[in-house]
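Asker: Here it is, the structure, as structure tokens.
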Amino acid sequence: MSVSDIFLRLMAALVLGGLVGYERQARSKAAGLRTHILVSMGACLYMMVSLAIPREMQASLGLPADGGRVAAQVVSGIGFLGAGTILAAQGSRKILGLTTAASIWAVAAVGLAAGAGLYFMAALTAFFILVTLTVLRRIDLSLSARTRPPLAELRLTVHAAQFSADHLRAFLRGRGVRVRAFSTEPLSGGRSCLSLLIEEDGEDEGEPLAMDLMGLPGVEQASVGPGQE
């Protein structure tokens, strides 16, 4: 394998992996441009090494060798990196990062193809990955909109001196709850009544959410009921 061939294969892996990484970076995902480039180029190098091992072993020792084992380990070993991008929203059943993990796994395959000199296969796969992440995303969002989580009304009675809105926002964000509307009404004795229109995931019950909210500083009462826009 000549120096120019090695350079061409690594550049193909860099460019194709970078295209997918740029799309992920533009959407502020955990694994972005540099991560996808490194995965693609690393897989490319592993593939080139796996192709070179049988020739080197045969030339130097006269022994047969299975270089495909090196490339095979990339397929199984890349899982640890993809697992690092998958996050479970605390207190909910929502899983985040699956698409980015899948893109990392697919980019590793693109790098392996580039390392094997299969440029058309690598480029076509990278193109379809980008189509999936961009064009098909609109279909995904459209389907998600049809099954949008039901609305609920969260009512809190809080003591203004002890209550922190930042703590409430952090708690709801951790539970994967989105706030659609917010209103407040002053009460006597330095207390306030907060009314929030929230989106639930449809699986968590309202009672556990209200009970957990009672543990926040300054929250005296909490209840969750059906909401309307």
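Asker: Can you tell me how many residues in the stretch 198-217 are under 25 Å from the mean Cα position of the chain (by Cα) and modelled with pLDDT of 80 or more?
Answerer: Residues in the stretch 198-217 being under 25 Å from the mean Cα position of the chain (by Cα) and modelled with pLDDT of 80 or more: 1 in total.
Asker: Within the group LEU156, LEU168, LEU143, LEU151, which residue is under 30 Å from PRO217 (Cα atoms), aliphatic (A, V, I, L, M) and modelled with pLDDT under 80?
Answerer: LEU151
Asker: For a quick check of your reading of the model, give me the residue pairs whose first member lies in the stretch 5-31 and is within 15 Å of ALA106 (Cβ to Cβ) and assigned by TED's automatic domain parsing to the domain that holds ALA106, whose second is of a type in the set (Phe, Trp, Tyr) and modelled with pLDDT of 85 or more, with beta-carbon atoms closer than 9 Å and at least 6 apart or on different chains.
Answerer: That search, which allows pairs on different chains as well, returns LEU16/PHE127; LEU19/PHE127.
Asker: While we're looking at this one, here's another question. Restrict the check to the stretch 117-140 and report whether at least one residue is among the charged types (D, E, K, R) and modelled with pLDDT of 80 or more.
Answerer: Within the stretch 117-140 (the criterion being among the charged types (D, E, K, R) and modelled with pLDDT of 80 or more), the answer is no, since none of the residues qualifies.
Asker: Using the structure shown, decide if PRO54 is at pLDDT below 85, assigned to a loop (DSSP other than H, G, I, E, B) and either within 21 Å of the chain's Cα centre (by Cα) or not hydroxyl-bearing (Ser, Thr, Tyr) (or both).
Answerer: It is false that PRO54 is at pLDDT below 85, assigned to a loop (DSSP other than H, G, I, E, B) and either within 21 Å of the chain's Cα centre (by Cα) or not hydroxyl-bearing (Ser, Thr, Tyr) (or both).
The values are calculated or read from the model by the stated rules, or taken from the named source; none is laboratory data. Bear in mind that the values here come from a model prediction, so they are computed numbers and not experimental data. Cβ atoms come from the backbone with ideal geometry, glycine included; neighbour counts cover every protein chain shown.
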